[in-house]
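Notes to accompany the following structure.
The values are calculated or read from the model by the stated rules, or taken from the named source; none is laboratory data. Quick caveat: nothing in here was measured; it's all calculated off a predicted structure. Glycine gets a Cβ as well: all are built from the backbone with ideal geometry, and neighbour counts include every protein chain shown. All accessible areas refer to the heavy atoms of the entire protein, side chains included, with ligands and DNA or RNA removed. Shrake-Rupley method; radii C 1.70, N 1.55, O 1.52, S 1.80 Å.
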Amino acid sequence: MNEADSEEMFLHLSARGAIRTDNLEEADAVLVNTCTVRDHAEHRALSFLGRLMKWKRQNPNRVIIFAGCAAQRLGNSLKKRYPFLNIVSGAKEIEHFADTLDKSGLFSPAQKPTAVASGFSAYATIMRGCNFNCTYCIVPSVRGPVKCLPTQDILQDVTRKAQAGAKEIMLLGQTVNAYQDGNTSFADLLNRVSEIPGIERVRFTSPHPIYFTPQFLQAVKDNPKIARHVHLPVQSGSTKVLREMKRGYTREVFLEKVQALQEHGFNISTDIIVGFPTETEQDFEQTLSLVAKAHFFAAYCFKYSPRQGTPAAQMQLLPQNVLEKRLDILLNQVRDLSEHAYQRQIGTTQEVLMEEPTKGRSSGNFWVQTSRAYPVGNMVRCEIDRAEGTLLFARNEHD
């Protein structure tokens, strides 16, 4: 989501004459787009901002823009702490970023934006914000409530990116499958995006379990362009902990959704928080049990990290050694499941979208190595010959 937001903000900068550079010393402006979902991410962004002070002193006319979720959370206090900072633009203000640039007086008037190459894969934001209030999560307070973008704006955005060469589109939203614009549901949008000339595959992230509907499953059944991979955060396998997290579903409901998705050919990855303040050993065992039942092929596992301003931040933390022990146990289980998931692909036929000359991803999000080179962006149909670690190897290929 931050990459997509960065692209959108750069489009407005390019309309005012900006050209990208990877060389900080030749830059006239730096845009720091930030995340604050975990404390560590915010500290990294602030550390980088502090290091820019020397760069700014070398030429006081240089411009520093601090944007995104950390900018939203910290607000005006940033300019007091970093007086060399020119512009603060929070995540809620991204739709007004062009006005922010113009009001600063630091940029030329806007012209037609420089064309931004999409590459073979591109992002398309379809909604912003979140209506949930999970007790551990800072996102709703820095991104605000759900706001769905108009369907026609999304289709125009995807069309522009397809014309620039994109073969794959990733639809983005905090609870992406809750999308609704008038009579257009998320399932409808998936179908309409996949009909755009040039689009070969449609992905999406990050969905919420409760919004997977029979209509969505029907759309998937009838549309092979919808990628058969879902990243579905569960966070805990204990209904008690899920209730205390205010996730809005039970263990049983989550497993029912997983089963329905898997029956339609989906591979599922997830996020798991270890050591939420109320998590007991029994709760943790429930998480291990759910992971085993769900057969995730990948999982991002984190020790609980309190975020200032969330209800859970007021709870007493579990000892670090308990968190580390549980995380280690969980990671070992996930590695075993991932290895088995890759082994199960041997002998199957996959359609692989090439991201490198000899490497690409299947619809189910497995990395596949081909025996010969293909143009990046080509779709290659192949049989999986063997698996080594988290890489599949192909044979009998044709594009």
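What to note about this one:
- D_trans [Stokes-Einstein, Kirkwood Rh over alpha-carbon pairs] for the stretch 1-86, 25 °C, 0.890 mPa s, µm² s⁻¹: 181
- Taking amide hydrogens as placed 1.01 Å from N in the peptide plane, the amide H of Ala29 sits under 5 Å from those of Val63, each at least 5 positions away in sequence or on another chain.
- Solution diffusion estimate, µm²/s, Stokes-Einstein, the stretch 241-367, Kirkwood Rh from C-alpha pairs, 4 °C, viscosity 1.567 mPa s: 79
- Per residue, the convex hull spanned by the alpha carbons of the stretch 1-149 comes to 129 Å³.
- Summarised as an ellipsoid, the stretch 106-259 has semi-axes of 30, 21, 13 Å, derived from the eigenvalues of the Cα gyration tensor scaled by 5 and square-rooted, with the largest first.
- Solvent exposure of the stretch 1-106 amounts to 55 Å² per residue of accessible area, where only protein heavy atoms count and the probe is 1.4 Å.
- Flagged links, alpha-carbon separation over 30 Å, of Lys225/Lys325; Lys293/Lys325; Lys92/Lys246; Lys112/Lys359: Lys225/Lys325; Lys112/Lys359
- Per-atom-type breakdown for the chain gives carbon and sulfur 49% of the accessible area (1.4 Å probe, protein chains only).
- Computing FRET efficiency as 1/(1 + (r/R0)^6) for Arg395 and Asn76, where r is the C-beta to C-beta distance and R0 is 45 Å, gives about 0.15.
- By average C-beta atoms within 10 angstrom, highest first, the peptides 44-56, 120-132, 169-181: 169-181, 120-132, 44-56
- Per-residue ellipticity at 222 nm from helix content only, as computed over the chain with -39500 (n - 2.57) for each DSSP H run of at least four residues, stands at -11000 deg cm²/dmol.
- Stretchable slack from Arg38 to Glu388, in nm (0.36 nm times residue separation minus alpha-carbon distance): 122.7 nm
- Theoretical gain in end-to-end length, Asp328 to Ile19 [0.36 nm per residue, Cα-Cα removed]: 106.8 nm
- Debye intensity ratio in log₁₀ form over the Cα atoms of the chain, taken at each q of 0.15 Å⁻¹: -1.49
- Each eigenvalue of the Cα gyration tensor of the stretch 160-240, multiplied by 5 and square-rooted, gives one semi-axis; in descending order these are 24, 14, 12 Å.
- Å³ per residue enclosed by the Cα convex hull of the stretch 263-327: 104
- Thr250 - accessible surface, heavy atoms, 1.4 Å probe, Å² rounded to 10: 50
- A P(r) calculated from all alpha carbon pairs of the stretch 219-312, with 5 Å bins opening at zero, reads 3, 13, 23, 23, 16, 11, 6, 4, 1 percent.
- The stretch 299-399, Cα convex hull volume normalised per residue, Å³: 127
- If both residues of a DSSP beta bridge must be in the chain, then about 40% of such bridges are antiparallel.
- Charge dipole of the stretch 281-326 (Cα centre as origin; +1 on each Lys and Arg Cβ, -1 on each Asp and Glu Cβ, all else neutral): 140 debye, rounded to the nearest 20.
- Choice from Pro207, Pro224, Pro109 with maximal GNM fluctuation in the chain (Cα, 10 Å cutoff): Pro109
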